[in-house]
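In what follows, a structure is listed as structure tokens, so that the remarks can point back to it.
The values are calculated or read from the model by the stated rules, or taken from the named source; none is laboratory data. Values in this document were obtained by computation on a predicted structure and should not be read as measured data. Cβ placement follows ideal geometry from the backbone for every residue including glycine, while neighbour counts extend to all protein chains displayed.
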């Protein structure tokens, strides 16, 4: 006898989620599964607050709006918060242009177009700031580049420098220690033992009675050097493109070596370890 055809039941449609209803999505945290219901000890409970805000790193969606927990560090292909040389030292194009204008004005004051005497060259480098003072110190030891009379005059840049006012020394130490210097030092000699382009040294006595030497870095010197090096890098790149075949000195390498010297000399922790 004929077999009756199977009875086809109508398929039930899955219920649609209404717009106000929340959906919790898992987010990754190192060493855990925050927001994953499979690892939630209170499975089935909502991981977000009544107002749709995220808790414990959970991303929630409410009424079509996505809200994220911003307390955890994130990385991505299009992360705009990269640690670059310019961002580290807060360098801007406007600041570079302003600094370049200062350099050109000082160079014009000393009439570099018509030549420099040893004394004028030393005074000009001092006026240009710590970066150029350091360049002058390096050149003072390179008699194969400059005449000996220039080297002898530039050698004065190694020791002779106008000292910082004592109040700047006090303010710098207070900021570094985060408390009044009277809690650290019983006495600091206002007259420096020595003053250079990057820092100066004072004799002091700790509250515990030990005699010490305190080396204080000039405020903002590292940022000024970073600005000057950034300008030098741009000039070196332009010069290399214009004279690729006639290049005798690797200007880019010279600038990078100069910056390495600056970094090591302005990092007093390196000196302390030595």
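Being assigned to a helix (DSSP H, G or I) and either in contact with a helix residue (DSSP H, G or I) (Cβ under 7 Å, 6 or more places away or on another chain) or modelled with pLDDT under 70 (or both) is the filter here, so list the residues in segment 238-257 that pass it.
239, 240, 251, 252, 255
Which pairs turn up if I take residues in segment 147-164 that are not assigned by TED's automatic domain parsing to the domain that holds residue 128 and at pLDDT 90 or above and look for partners that are surrounded by fewer than 16 Cβ atoms within 10 Å (Cβ to Cβ) and part of a loop (DSSP other than H, G, I, E, B) with beta carbon separation below 7 Å, at least 6 apart in sequence or on another chain?
none
With the condition kept exactly as written, say whether any residue in segment 194-201 is within 29 Å of residue 135 (Cβ to Cβ), exposed (fewer than 14 other Cβ atoms within 10 Å of the Cβ) and under 20 Å from the mean Cα position of the chain (by Cα).
no
Yes/no per residue for (1) modelled with pLDDT under 95; (2) assigned to a helix (DSSP H, G or I); (3) not assigned by TED's automatic domain parsing to the domain that holds residue 123:
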residue	(1), (2), (3)
172	yes, yes, yes
175	yes, yes, yes
191	yes, no, yes
203	no, no, yes
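Of the numbered conditions (1) exposed (fewer than 11 other Cβ atoms within 10 Å of the Cβ); (2) in a loop (DSSP other than H, G, I, E, B); (3) under 31 Å from the mean Cα position of the chain (by Cα), residue 209 satisfies every one except a single condition; which is it?
(3)
What's the number of the condition residue 227 fails, among (1) surrounded by fewer than 17 Cβ atoms within 10 Å (Cβ to Cβ); (2) closer than 24 Å to residue 91 by Cα?
So the condition that residue 227 fails would be (1).
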